[in-house]
Amino acid sequence: MEEIIAREGLGNLKDYQTAYREFNWSSMDKDFDWSRGGSYNVAAEAVDRHGRGELKNKVALHSFKASGEVRSLTFKELSRLSSEFAGGLLKLGVSKGDRVFVYLDRTSELFIALIGITKMGGIAGPLFSALGPEAVRDRVADGGPAAIVTSPYLYHRTQSVLAGLPHPPKFIILGDNSGLGGTISFEDVLKEGDQSFEAVDMDPSDPYIIHYTSGSTGKPKGVLLPHRAMLQQLLGVRYVADLGQDDVYWCTADPGWVTGTSVGIFGPWYVGATIISFEGRFDARTWYSIIEKFKVNVWFTAPTALRMLMKAGDAMVKDFDLSSLRHICSAGEPLNPHVVRWGVEVLHRRIHDNWWQTETGAPCIANYPSENIKPGSMGRPVPGIVAAVVDDQGREVPVGKEGFLALRPGWPSMMIGIWGNITRYREYFYVPGWYVTGDQAFKDKDGYIWFLGRADDVIKTSGERLGPFEVESALIEHPSVAESAVVGKPDELRGEIVKAFIVLRPGNEPSEGLKEEITNFVRVRLAYYAYPREIEFVETLPKTRSGKIMRRILKAKEGGSDVGDTSMLDD
Ligand code: ATP
Ligand code: MG
């Protein structure tokens, strides 16, 4: 029998079927100030509207510093500071359409800068501060920013590789810039600006942000998202994160990734929610304590983080008061059914998996509070999105059959281009009538969509096709297994064999006996050809800076393919 986690309450999306059938994007115009004559600009809608309205004295951001201090900014303060920053950028010679990169730790100034840049019509380029010099140089060389907002230590980290670029950007330094010749301080940019600066009225199709993809499958692509993405970002926080104005919300994704801005900053601010930002790195205790301290109502995170919490042990959960939390959202990687069950059993919360990409700009397929969850499924298309599983001719394949996950082009937050690479952009549309995502999936009889793997990761063994996700999900059900990655290893007889890399939970020692035990454990749970014929225990799995398993690195190690671009490999 099919496993179902029944819905508990309703949330904002009362009746999925009806909402999906009757939905029309133009029904959302009234939610925005531009429909009443305001500027068309993501910054105006996210911040200024509240900064002048009823919510002006409400906290927009609690920025929790690594030092333990908290800086809280109201919508009014944020509106003023970002206006000053926007005006200061103009005085510095930055123009509408220019790229301005922000390479900062998660401090409140990161938020001020992002809003300021978009307010003056610039294209913000947030870069995760964990990126190394080469990764930064690649992006700067590609995106050609007019200015980079950074801090002294990050400036020193990248200065030598950035110095040789043909069009050197201006550097805006947060902190003490004495001795950093030719740079300007963040404070001076604010001083130059003017708090009455008004958001520039943009065209809905003008870009406001350039986000580089995670680099899971190759060199990161510079994805441009337009101001009209606001419609779908609002829909994403309304129906998927399921936020309301009174909510405290914590999205753990860094603003260097699309999740960290779309549903991490802009979306929640459109509805007037308070967001939490934490400057430090992952630590299970600290993370639970943040939920307790700020009374977080909705928490948006990723499978990797959830698996790390599981690894930290169930006992720890009891040390914290998590009663404020309604539910958890997860995106970015497949969410193993075992993790969803753990959420219910140990955290006593539902985890709502949702699927999207940098290129889609906002959630496209999701689970909702008002609907049943089928653990292992990404859920169903959000209202306004047509998602299908198609063959290479664009024909929908029958229920239960594997195919390409595709979307009907034209959703509001769809990318408008890949910076400097029109050829790459066109490749997404090679199947007539569809945007092809590069993921393999199937749909079930109820319209739920199930992720199988990235097209590049599909394993061909003994004449069968197999996605790594189902094997990995079976493996982590074994009590000794914390994490796993499965790839195809070239094999003369079978084409490829299934090879599993396994990270053990604390307290387990690698041994031949354990390999055999794990093999037998999954064998009965999987198709006859799908169990791993080879297991290797490893300390860690190669991951991108955004925390995604990089199977192509493991595959290359097994001689199956070229290792490709590794600038995004976390160390
Ligand atoms: P690159 O495009 O540079 O190779 P990437 O695809 O990892 O990297 P992102 O845009 O950050 O870059 O991630 C989108 C991809 O992440 C999706 O195409 C999909 O493979 C995976 N993904 C996102 N959400 C989910 C989910 N809920 N379930 C399964 N996979 C997901
Ligand atoms: Mg991708």
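Shown is the FRET efficiency for residue 446 and residue 345, computed with R0 = 30 Å from the Cβ-Cβ distance and rounded to the nearest 0.05: 0.80. Based on the alpha carbons, how large is the Rg to Rh ratio for region 506-570 when Rh follows Kirkwood? Rounded to two decimals, Rg over Rh is 1.04. Within the same chain, aspartates and glutamates fewer than 8 places from residue 557 are excluded, and of the rest, those with a Cα less than 16 Å from its Cα are 456, 457, 491, 496, 534, 536, 539, 565.
By the gyration tensor of its Cα atoms, with a ≥ b ≥ c the square roots of the eigenvalues, what is the shape of region 455-500: rounded for a/c under 1.5, prolate for a/b over b/c, or oblate? Prolate, since a/c reaches 1.5 and a/b exceeds b/c.
Under 24 Å Cα-Cα from residue 30, which lysines qualify once same-chain neighbours fewer than 8 residues away are excluded? Partners found: 14, 56, 58, 76, 119. Put simply, the amide H of residue 175, placed in the peptide plane, has neighbours under 5 Å in 186, 187, leaving out anything fewer than 5 places away on its chain. For residue 438, the amide hydrogen comes within under 5 Å of the amide hydrogens of 405, counting only partners 5 or more places away or on other chains and with H modelled in the peptide plane. Using Cα centres only, tell me the gap between region 419-465 and region 530-547 in whole Å. Comparing the Cα centres of region 419-465 and region 530-547, I get a distance of 22 Å. Once the convex hull of all Cα atoms in region 375-500 is built, its volume per residue stands at 157 Å³. Computed over all pairs of different Cα atoms, the Kirkwood value for the hydrodynamic radius of region 160-281 is 17.4 Å.
With a Förster radius of 45 Å, plug the Cβ-Cβ distance of residue 18 and residue 286 into 1/(1 + (r/R0)^6) and report the FRET value to the nearest 0.05. The partial results should precede the final answer.
Values: r = 42 Å, r/R0 = 0.93.
The value I calculate is 0.60.
In nm, what is the difference between 0.36 nm times the number of residues separating residue 372 and residue 67 and their Cα-Cα distance?
Details: separation 305, 0.36 × 305 = 109.80 nm, distance 4.11 nm.
Roughly 105.7 nm would be gained on extension.
Considering region 212-306 at the alpha-carbon level, its Rg and Dmax are found to be 13.9, 41 Å.
Order of 278-285, 170-177 by packing, highest average Cβ count within 10 Å first?
Result, highest mean Cβ count within 10 Å first: 170-177, 278-285.
Highest mean first, the peptides 391-403, 263-275, 334-346, 499-511 sorted by other C-beta atoms within 10 Å per residue fall in the order 263-275, 334-346, 499-511, 391-403. Multiplying the residue separation of residue 165 and residue 422 by 0.36 nm and subtracting their alpha-carbon distance yields 90.2 nm.
Across region 457-559, the relative contact order, built from alpha-carbon pairs under 8 Å that are at least six residues apart, equals 28 percent.
Starting with the highest mean, order 218-230, 250-262, 18-30, 86-98 by the number of other Cβ atoms within 10 Å, averaged over the residues of each peptide.
Working: 218-230: 23.3, 250-262: 25.5, 18-30: 12.1, 86-98: 18.5.
Output ranking for 218-230, 250-262, 18-30, 86-98: 250-262, 218-230, 86-98, 18-30.
What the phi angles of region 212-227 give under the Karplus curve with 6.51, -1.76 and 1.60, with θ = phi - 60°, is a coupling list of 7, 5, 6, x, 5, 10, x, 5, x, 9, x, 8, 9, 10, x, 4 Hz, glycine and proline written as x. Going 7 Å from the Cα of residue 178 in the Cα-to-Cβ direction, what parts of region 125-161 have a backbone nitrogen less than 17 Å from that spot? From region 125-161, the list is 152-153. As a ratio to 2.2 N^0.38 Å, the alpha-carbon radius of gyration computed for region 457-559 takes the value 1.01.
For the chain, the dipole from Cβ point charges (+1 on Lys and Arg, -1 on Asp and Glu) about the Cα centre works out to 460 debye, to the nearest 20. Annotation: extensible slack from residue 458 through residue 54 equals 140.2 nm (criterion: 0.36 nm per residue apart, minus Cα-Cα distance). Counted by Cβ distance under 10 Å from residue 531, the other residues give a net charge of +3, where Lys and Arg count +1 and Asp and Glu count -1. Treating r as the C-beta distance of residue 509 and residue 314 and R0 as 22 Å, the FRET efficiency rounds to 0.55.
Return the tail of the calculated pair distribution for region 79-155, meaning the percent of Cα-Cα pairs more than 20 Å apart. Present the calculation step by step, with values, prior to reporting the outcome.
Working: 753 of 2926 pairs.
Across region 79-155, Cα pairs with separations above 20 Å total 26 percent.
Taking the DSSP bridge list for region 16-443 and keeping only pairs wholly inside it, about 40 percent are antiparallel.
Between region 177-198 and region 490-521, what is the C-alpha centre distance in whole Å? After rounding, the separation between the Cα centres reads 56 Å. Each other residue within a Cβ distance under 9 Å of residue 192 adds +1 if Lys or Arg and -1 if Asp or Glu, for a net charge of -1.
Counting only C-alpha contacts under 8 Å and six or more residues apart, can you give the relative contact order of the chain as a whole percent? About 13 percent, as a whole number.
Classify region 1-66: rounded, prolate or oblate, from the alpha-carbon gyration tensor (a ≥ b ≥ c, eigenvalue square roots; a/c under 1.5 rounded; otherwise prolate if a/b is larger than b/c)?
oblate
Averaging the sequence gap over all C-alpha pairs within less than 8 Å and six or more residues apart, then dividing by the number of residues, gives region 395-535 a relative contact order of 17 percent.
Toward the positive end of the charge dipole of the chain, with +1 on the Cβ of Lys and Arg and -1 on the Cβ of Asp and Glu, the farthest Cα among 230, 330, 451 is that of 230. From the alpha carbon centroid of region 304-325 to that of region 81-159 is 35 Å. In units of the rule-of-thumb radius 2.2 N^0.38 Å, the chain shows an alpha carbon radius of gyration of 0.95.
3J(HN,Hα) couplings calculated from phi for region 274-290 with the Karplus curve 6.51 cos²θ - 1.76 cosθ + 1.60 (θ = phi - 60°) are, in sequence order, 8, 10, 10, 10, 10, 6, x, 8, 5, 7, 4, 4, 4, 5, 4, 5, 5 Hz; Gly and Pro show x. When shorter helices are ignored and each DSSP H run of at least 4 residues is given -39500 (n - 2.57), the per-residue value for the chain at 222 nm works out to -7000 deg cm²/dmol.
What is the mean projected area of the alpha carbon convex hull for region 261-311, to one decimal in square nanometres? Write out the running numbers ahead of the final one.
Working: hull surface 15.5 nm².
The directionally averaged projection comes out at 3.9 nm².
Seen against the Cα atoms of the chain and their longest principal axis, helix 75-91 is set at about 70 degrees.
Excluding residues on the same chain fewer than 8 positions from residue 221, give the lysines whose Cα lies under 21 Å from its Cα. Partners within reach: 543, 548.
Each reported figure results from applying straightforward, stated rules to the coordinates on display, with no laboratory input. If you're wondering where the values come from, they're calculated on a predicted model, not measured in any experiment. So basically every Cβ, Gly included, is an ideal-geometry build from the backbone, and we count neighbours across all protein chains shown.
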